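Before any comments, here is the structure.
Every read-out reported here was derived from the displayed coordinates using simple, explicitly stated rules and does not represent laboratory data. These numbers were taken from a predicted model, which means no experiment stands behind them. Cβ placement follows ideal geometry from the backbone for every residue including glycine, while neighbour counts extend to all protein chains displayed.
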Amino acid sequence: MAIPNLIQRWHQAVKTRNISILDELLADDAVMLSPIVHTPQRGKVITKMYLMGAVQTLGGEHFKYTREIYRDGFAVLEFETQVDGKSVNGVDIISWNEKDQITEFKVMIRPLQGINALHKAMGKALEQLKSPHAFGS
């Protein structure tokens, strides 16, 4: 199966760190399911903030997608990276609508030391992103 258009655009956002692409990619009612926060984060603005934080903390020089599975409106992207010297392995589970907009973005991470390193790094990134000048709505 060919790489879906939405996934190609997601790869572009991650590779270039061009977060403005998220404005086009996210549905207004997008939901973010993070390994760091217990409750689903609902809405385009908060989902964008979490994805920006994830790109900042996970998307460094060591980040690479290693395996991808696609179905209509659904993809699972496995990745590897390092956070503060700790190996992180995870998956992005992405669902999208008929308008090619992300409706749900779920991240699952392993091992525990990777989750702990990510928790600390994401906390810092999200605090910076909460400033009023971090991004537009």
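With springs only between Cα atoms under 10 Å apart, run a GNM on the chain and tell me which of 81, 57, 66 wobbles the most.
Of the options given, 66 has the highest mean-square fluctuation.
Measure out, as a whole number of angstrom, how far apart the alpha-carbon centroids of the range 67-103 and the range 107-124 sit.
So the two Cα centres are separated by 16 Å.
Round to the nearest 0.05 the FRET efficiency obtained for residue 87 and residue 1 when R0 = 30 Å and r is the Cβ-Cβ distance. Walk me through the numbers on the way to the answer.
Values: r = 29 Å, r/R0 = 0.98.
Computed FRET efficiency for residue 87 and residue 1 comes out at 0.55.
If you place +1 on the Cβ of every Lys and Arg and -1 on the Cβ of every Asp and Glu, how big does the dipole about the Cα centre of the chain come out, in debye to the nearest 20?
Numbers: 16 positive and 15 negative charges, 75 e Å.
The dipole of the chain has a size of about 360 debye.
Report relative contact order for the chain in percent, whole number only (criteria: Cα-Cα under 8 Å, sequence separation at least 6). Walk me through the numbers before you get to the answer.
Values: 224 pairs, mean separation 30.6, N = 137.
Taking the mean separation of contacting Cα pairs over the length of the chain, I get 22 percent.
Need the full-extension length gain, residue 108 to residue 65, defined as separation in residues times 0.36 nm minus the C-alpha distance. One decimal, nm.
Values: separation 43, 0.36 × 43 = 15.48 nm, distance 1.37 nm.
Taking 0.36 nm per residue and subtracting the Cα distance, the gain is 14.1 nm.
Straight-line reach from residue 99: which aspartates and glutamates fall under 12 Å, measuring Cα to Cα and dropping same-chain residues less than 8 apart?
Residue 99 reaches 24, 28.
Could you tell me the calculated FRET efficiency between residue 100 and residue 46, based on Cβ-Cβ distance and R0 = 35 angstrom, to the nearest 0.05? Could you put the intermediate results ahead of the total?
Values: r = 21 Å, r/R0 = 0.59.
For residue 100 and residue 46, the calculated efficiency is 0.95.
Per 5 Å bin, what percent of the C-alpha pairs of the range 5-129 does each bin hold, from zero upward?
Calculated over all Cα pairs of the range 5-129, the distribution is 2, 11, 23, 26, 22, 11, 3, 0 percent.
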